[in-house]
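Taking it in order: structure first as structure tokens, then the write-up.
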Amino acid sequence: MKLARRNYILCAKLRLVQGKEKHRIERLWLINDDVVPNAELVKEFEGTLVVNSKDSEILNFIETAELQTKHIYLIDPIGNLMMRFPENVDGTKMGHDIKRLLHVSQLEH
């Protein structure tokens, strides 16, 4: 859960620093098991969509269960996997990548 909290904080901050483009970014937490996050944790992650995806086809696109929990995935509004950020990503570099992608993308959500 420590990694999930770190990733959430990173994603929340990266969304905010996108300025006028922040409305184009949504945070989604895919739950890949039967564990239901406690209400306090969900409240802490306010603004993040929490979805149990255990039996969903979306998880088939991620190689292994271990990778499902170690990376941050960037998916466009039509469902295309655009980027996968490593476990200990540099937030500054990730922010620059997202800013460039939003600049060249014409898709709105």
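Evaluated at q = 0.17, 0.18, 0.21, 0.25 Å⁻¹, a Debye calculation over the C-alpha positions of the range 2-104 (equal weights, vacuum) places log10 I(q)/I(0) at -0.84, -0.95, -1.31, -1.73. Among the lysines of the range 1-96, pairs at least eight places apart or on separate chains and with Cα atoms under 26 Å apart come to 19. Bridges between two residues of the chain, per DSSP, are antiparallel at a rate of about 45%.
Values in this text are rule-based calculations from the coordinates and carry no lab data. Since the model is a prediction, treat every value here as computed from it, not as a measurement.
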